[in-house]
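Peer 1: Got a structure here, written out as structure tokens. Questions coming.
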Amino acid sequence: GFETWGVTPELTFKLGTNWQVRTSAHFGRSDSFQSFPGVDTVKTQCYITGCVGIAAGQLNPLNVAAASAAVIADVTNYENAQQTKQQLFVVRSIIDGTIFALPAGDAKMAFGVEYQDNKGDSRLSTGTIGSIDALPYAKSQRNAKSIFGELTVPVTSFLDLNGSVRYDDYSDFGSTTNPNVGFALKPFDGLKIFGHWNTSFNAPTAIDNLAIGTGRFACGIYTA
């Protein structure tokens with residue numbers, strides 16, 4: 001099962017005729033549960049060969065149907081289960097507008113700040129059905145503070161230049177700065193050539209930090 005919800009309000013304020021401030025936020029949660037019924041192979045072997053507290057011969061692997069209902073119920077009272085919860089809070093504010101005019105158009109700039117807080121809880125169980133309910137969650141949490149800016153300049157009627165940079169500071173493993181430089185060339189109508197160079201960094205999610213790969217399907221509750 002999978003359940004997710006989120007709210008994303010946004011406010012835009014005009015600053016004169018050429019500038020504006022856009023402030024948005026997001027808060028969302030996701031909860032997922034998966035259960036794969038199975039057979040307890042340890043108990044099955046005990047019912048065949050015997051072990052402490054279980055008499056041998058109660059289960060014939062060549063004639064399983066002959067076993068009692070109680071034996072069948074006991075060996076099938078087994079599952080692999082996982083529960084995963086995630087929470088994401090993001091707030092972002094961007095100011096953008098025209099900085100000066102050129103013959104080919106307006107040069108524009110944008111500057112923004114962002115804060116993210118990501119939490120992930122997960123627990124795994126291999127045992128009797130429902131035993132996962134008694135287990136504590138493994139927990140992970142991270143916040144990140146970011147600053148970013150972008151500049152677009154129409155150099156001529158057929159050439160636009162663009163540059164941007166983003167700085168991210170993570171609460172658990174440091175910071176990273178990533179620039180981007182690009183251009184758009186329009187030699188004639190009907191043809192546009194793009195090019196850019198950049199570095200990037202994709203931080204692991206809080207669930208990734210728990211090193212539980214089967215919980216990844218519960219990610220993606222927020223898309224920028």
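Peer 1: Averaged per residue, what accessible surface does the chain expose to a 1.4 Å probe, in Å²?
Peer 2: Numbers: 13360 Å² over 224 residues.
With all protein chains present, the chain gives 60 Å² per residue.
Peer 1: Here's something else I'd like to know. Using a Förster distance of 35 Å, how high is the FRET efficiency between F100 and D169, based on the Cβ-Cβ distance and rounded to 0.05? Present the calculation step by step, with values, prior to reporting the outcome.
Peer 2: Values: r = 31 Å, r/R0 = 0.90.
Rounded to the nearest 0.05, the efficiency is 0.65.
Peer 1: If DNA, RNA and ligands are ignored and the probe is 1.4 Å, what is the ranking of I94, I132 by accessible area, most exposed first?
Peer 2: Most to least solvent-accessible, the answer reads I94, I132.
Peer 1: If you put +1 on each Lys and Arg Cβ and -1 on each Asp and Glu Cβ, how big is the dipole of segment 60-195 around its Cα centre, in Debye rounded to 20?
Peer 2: Using only the charged Cβ atoms, the result is roughly 80 debye.
Peer 1: Summarise the accessible area of the chain (1.4 Å probe, protein heavy atoms) by the percent that is carbon and sulfur.
Peer 2: Carbon plus sulfur share of accessible area: 61 percent.
Peer 1: What is the count of Lys pairs in the chain whose alpha carbons sit under 20 Å apart, if the two are 8 or more places apart or on different chains? Intermediate results must be reported in sequence, preceding the final value.
Peer 2: Working: K14/K108; K85/K119; K85/K139; K108/K186; K119/K139; K119/K145.
Total qualifying Lys-Lys pairs in the chain comes to 6.
Peer 1: Take the alpha-carbon positions of segment 29-133, form their convex hull, and give its projected area averaged over all directions (one quarter of the hull surface) in nm².
Peer 2: So the mean shadow area of the Cα hull is 12.9 nm².
Peer 1: What are the ³J(HN,Hα) values, in whole Hz, obtained from phi via the Karplus relation 6.51 cos²θ - 1.76 cosθ + 1.60 with θ = phi - 60°, for each residue of segment 197-211 in sequence order, with x given for Gly and Pro?
Peer 2: Couplings: 10, 7, 10, 8, 8, 10, 6, x, 7, 4, 5, 4, 5, 7, 6 Hz.
Peer 1: Related question: Taking H placed 1.01 Å from N in the peptide plane, check which residues at least 5 places from I99 or on another chain put their amide H under 5 Å from its amide H.
Peer 2: Amide H neighbours of I99, under 5 Å, 5+ apart: A107, K108, M109.
Peer 1: Next up: When the Cα centres of segment 102-124 and segment 1-71 are compared, how far apart do they sit, in Å?
Peer 2: 33 Å
Peer 1: Sticking with this one: Tell me, what is the FRET efficiency for S68 and E3 to the nearest 0.05, using R0 = 41 angstrom and their Cβ-Cβ distance as r? All intermediate terms of the calculation are to be shown ahead of the outcome.
Peer 2: On the way: r = 39 Å, r/R0 = 0.95.
Computed FRET efficiency for S68 and E3 comes out at 0.55.
Peer 1: Additional query: Counting only the heavy atoms of the protein chains, how much of I48 is accessible to a 1.4 Å probe, in Å² to the nearest 10?
Peer 2: Near enough 50 Å² of accessible area.
Peer 1: Follow-up. List, in order, the whole-Hz ³J(HN,Hα) value for each residue of segment 167-184 obtained from phi through the Karplus relation with A = 6.51, B = -1.76, C = 1.60 and θ = phi - 60°; use x for Gly and Pro.
Peer 2: The phi angles translate into 10, 10, 10, 9, 6, 10, 9, x, 10, 8, 10, 9, x, 8, 10, x, 8, 10 Hz.
Peer 1: How much FRET efficiency would the formula 1/(1 + (r/R0)^6) give for V21 and A211, where r is the Cβ-Cβ distance and R0 is 41 Å, rounded to 0.05?
Peer 2: 0.55
Peer 1: Accessible surface of E10 in the full protein assembly, 1.4 angstrom probe, to the nearest 10 Å²?
Peer 2: 110 Å²
Peer 1: Please give the net charge around D74, taking every other residue with its beta carbon less than 14 angstrom from that of D74, where Lys and Arg add +1 and Asp and Glu add -1.
Peer 2: -1
The values are calculated or read from the model by the stated rules, or taken from the named source; none is laboratory data. Keep in mind that what you see is a predicted model, and the values were worked out from it rather than measured. Every residue, glycine among them, receives a Cβ derived from its backbone with ideal geometry; neighbour counts consider all protein chains shown. Remember, those area values only see protein heavy atoms, side chains included, never the ligands or the DNA or RNA. Shrake-Rupley method; radii C 1.70, N 1.55, O 1.52, S 1.80 Å.
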